[in-house]
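Below is one structure, written out as structure tokens, with a few remarks after it.
The values are calculated or read from the model by the stated rules, or taken from the named source; none is laboratory data. Because the structure is predicted, anything quoted here is derived from the model rather than measured. Using ideal geometry, Cβ is built from the backbone for each residue, glycine included, and neighbour counts are taken over all protein chains shown.
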Amino acid sequence: MRARERRILLATAVCAVGVPASAAAWLDARTAAVARHLGAAGGVAARIGGIDADLTGAIRLSDVALGDAIAAEAVEASVALDSLLHGTLRADEVRVAGPRVAIRVDGDGDSDVARLMRRLIRGRGEAGGGRLRRIVVSSGTLTARIAELGELTAERVEIVPDAGGIRVITGAVRIDGRAGPVAGQLGFARSAAELTLPHLRLHRVLAVGGIGAIAATPAPGEPARAIRLRDVAVGRLAAAGPLELRASVDDDGIPRPLAIELEPRDLAVAVRGERIPLGALAAAAPHGLDLGAAHASGGLAIRRDAGRTVIDLDGALDGVALDHRVIAAVPVLLSGAVRASIAVSPDAIAVPRAAIDLGAARWTLSGWLRRGSPVSGQLDLALATAACSDLLAALPAELRGPLDGMVLGGSFGARVRLAVDLAAPPGDGVTLATSITDDCRAVAEPPAADVSRLAAPGERAFPDGSRARTGTGEPGWIALSQLPPHVAAAFISAEDARFRDHAGFDLDQIAKSLEIDLREHRLVRGGSTISQQLIKNAFLSQRRSFDRKLQEAILTWRLEARLDKRQILERYLNIIELGPHAFGLGAAARHWFGVAPRELTLRQAAFLAALTSEPSSMSRRVRRAAGLDPESAARVDVVLRAMVRDGALDAEQLEAARASGLRFTASAVEPER
């Protein structure tokens, strides 16, 4: 070997051994300085537990952290020999052990990690130098926690810098997420993605070989149920396209197709499926909505548009159960189709259009509701004209009750407009208008819904469990002709001023009652007419529920068709509850005053009429006071003034009635035991 070659070989050996050793010594002394430099470049506090260098030109940083966003057990950089000899320490390949990322995503889709990466990239660009070939997770898994959403873990991760971004290739990937009470898990056999730099935006992605599950947290003691996903694939094959998910949902061994499209830039999501089982989401459903046996088909799309959240729905539900005492005493099964568009903004909720099909009943609606106070809004509701028999059959069996077996002819349709503006003066805050097409007729009526039996004597059961015979000619029956005019007038003024003018329903009173309830934020007053109250007391339970009101409406229609107003009023006065175990005017007059109904004074009649809306609570107040308490006295005065309004009294009679006393029987004011 010539002398010149020996000198070159010796110099190379010195560089290969001495320079890394010197670099290691220098880096060990400069650990804190390197951490400060790294932190300054990223704009966050940085931590490096230690730095090592070996004879191969590899530099290893242990216990590395950049703020709260990025951490790793170790980062090892392979430094190219020419870079090492030039003193730039430019990495060719980076191997990371146990990387962890914590991401907080902003409302605009940006994140703290993306901002950190942009700062580091700018710093690297200013430093110049060669190109990093790849980053590999050498041991452990990549763990990324996304605030308020969940966690992603990936194995065998390789990151390759590319023009304008990076390519990420992984082995198995697992995603765990939660939104409120709903949790989901997805696992994929492998995945690949392209991300743009410096904004770290997803460009293209593909994940295949997936399985997963979605479930809501069950109530204590309830079994956990999940929507099981198979053959899951996620992809975004074009930068401008949506992120798509395709899967099969396991429905007791039957695969149901599911497709989801997500467009993060537009904050939009669209879901389509066919008979997707909803049982696993039952725990997340509102109280009273049972999804245990429910299936859904169709599409749901949610998007942001000019500051609003727009929800478009076009689908069908079957097997849904409404299980709430406000609806009915038993669960009500529903199946139907829904098409709707709903826009939610900070100050209002608008429904430009909606259609609901429940059998032959085809409803359309539109409206809006102002958010905040005072309440204002409008609802337009229409029922398409259809055969009455088909409309009755469209009612769930659980709602029909005594109507089962009724045979109807003719057709029926309706339009309703409800307008609310509580900024208006009291009494003008709610308006209700209807337009009805009705030539329904009863062809046959089941015994439980035959209102004509009210015209004949018979035995009836009262709410307290007692039984008695009622009807013309029965002992204790009070004929309307036996009463002084002011007695019937007191009850009409108190309960149903337009009794003789309407066909069983008073829309003005319904609107006024709704306005009072809305202003008081509670159910204060009902809008039932005397005809409706007679039906409730003679045929139905005392429950305040939707099924009872529905049955009451249909039976009231039948009552007005079969009995005249005089018959209705007479039967009402003979069965109405007017105190403890006092049903009917005869029993009430004896209980409270020890007189026959024909002997009732004007103020006594007004007192009994005041009892109709709250017989139990008003009776308790009178007993506690051992006489007429102030609140009950005020109610009696309301009835007297209503009689003046309706022309049943003049001013002189009003003052005379107010001046008269009320002497109760001893048993009526006897304290409760």
* To do: Check whether at least one residue in region 660-670 is of a type in the set (A, V, I, L, M) and surrounded by 22 or more Cβ atoms within 10 Å (Cβ to Cβ), and report yes or no.
  => no
* Structure fact -> Residue set 418, 432; condition within 43 Å of the chain's Cα centre (by Cα), within 28 Å of residue 569 (Cβ to Cβ) and either at pLDDT below 85 or not assigned by TED's automatic domain parsing to the domain that holds residue 555 (or both); output residue 432
* To do: Could you tell me which residue of region 369-413 is farthest from the chain's Cα centre (by Cα), considering only residues that are among the polar types (S, T, N, Q) and more than 30 Å from residue 344 (Cα to Cα)?
  => 411
* Structure fact -> Those residues of region 461-491 that are assigned to a strand (DSSP E or B) and hydroxyl-bearing (Ser, Thr, Tyr) come to a total of 1
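Being part of a loop (DSSP other than H, G, I, E, B) and at pLDDT 60 or above is the filter; apply it to region 103-130 and report the residue that is farthest from the chain's Cα centre (by Cα).
110
Please verify whether residue 555 is farther than 23 Å from residue 610 by Cα and out of contact with any Cys (no Cβ under 7 Å at 6 or more places or on another chain), treating the condition exactly as stated.
Yes, satisfied.
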* To do: Collect the residues in region 439-456 that are surrounded by 14 or more Cβ atoms within 10 Å (Cβ to Cβ) and in a strand (DSSP E or B), keeping them in residue-number order.
  => 442
* How many residues does region 520-560 hold that are over 11 Å from residue 401 (Cβ atoms) and among the hydroxyl-bearing types (Ser, Thr, Tyr)? -> 4
* Asked: In region 236-262, how many residues are part of a strand (DSSP E or B) and either aliphatic (A, V, I, L, M) or in contact (Cβ under 8 Å) with a residue 40 or more places away in the chain (or both)?
  -> 10
* Structure fact -> Residue count, region 528-557, condition within 28 Å of the chain's Cα centre (by Cα) and either more than 25 Å from residue 443 (Cα to Cα) or of a type in the set (Val, Ile, Thr) (or both), comes to 4
* Structure fact -> Here the residues within region 287-299 that are hydrophobic (A, V, I, L, M, F, W, C), modelled with pLDDT under 95 and outside any loop (DSSP other than H, G, I, E, B) are 289
* Asked: What do you reckon, is residue 393 surrounded by 14 or more Cβ atoms within 10 Å (Cβ to Cβ) and modelled with pLDDT of 90 or more?
  -> yes
* Asked: Can you find even one residue in region 225-233 that is under 23 Å from the mean Cα position of the chain (by Cα), modelled with pLDDT under 90 and under 30 Å from residue 329 (Cβ atoms)?
  -> yes
* To do: Please tell me if residue 569 is modelled with pLDDT of 95 or more, within 21 Å of residue 528 (Cα to Cα) and among the aliphatic types (A, V, I, L, M).
  => yes
* To do: State whether the residues of region 166-189 include one that is of a type outside the set (S, T, N, Q), within 20 Å of residue 263 (Cβ to Cβ) and over 23 Å from the mean Cα position of the chain (by Cα).
  => yes
* **Elements of type helices (runs of 4 or more DSSP H) in region 3-68, at least 1 residues being surrounded by 13 or more Cβ atoms within 10 Å (Cβ to Cβ) and at pLDDT 70 or above** => 31-42
* Asked: What is the residue count in region 583-594 for residues that are within 19 Å of residue 623 (Cα to Cα) and out of contact with any strand residue (DSSP E or B) (no Cβ under 8 Å at 6 or more places or on another chain)?
  -> 8
* Inspect region 153-168 for any residue being surrounded by fewer than 16 Cβ atoms within 10 Å (Cβ to Cβ), more than 30 Å from residue 37 (Cβ to Cβ) and outside the structural domain of residue 251 (by TED's automatic domain parsing) and give the result as yes or no. => yes
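Counting just the residues of region 509-519 that are in contact (Cβ under 8 Å) with a residue 24 or more places away in the chain and either within 20 Å of residue 492 (Cβ to Cβ) or over 26 Å from the mean Cα position of the chain (by Cα) (or both), which one comes out surrounded by the most Cβ atoms within 10 Å (Cβ to Cβ)?
Per the criteria, the residue is 511.
Among the residues of region 599-627, write down those that are closer than 17 Å to residue 476 by Cβ and surrounded by 15 or more Cβ atoms within 10 Å (Cβ to Cβ).
Filtering region 599-627 down to residues closer than 17 Å to residue 476 by Cβ leaves 599-600, 608.
600, 608 - these are the residues of region 599-627 that are closer than 17 Å to residue 476 by Cβ and surrounded by 15 or more Cβ atoms within 10 Å (Cβ to Cβ).
Counting residues that are free of Cβ contacts under 8 Å to residues at least 12 places away in the same chain and either among the basic types (Lys, Arg) or touching a Lys or Arg at 6+ places or on another chain (Cβ under 6 Å) (or both), which strands (runs of 3 or more DSSP E) fully inside region 304-402 reach at least 2?
Answer list for region 304-402: none.
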* Structure fact -> Note: among 476, 429, just one is farther than 24 Å from residue 402 by Cβ, surrounded by fewer than 16 Cβ atoms within 10 Å (Cβ to Cβ) and in contact (Cβ under 8 Å) with a residue 24 or more places away in the chain, namely 476
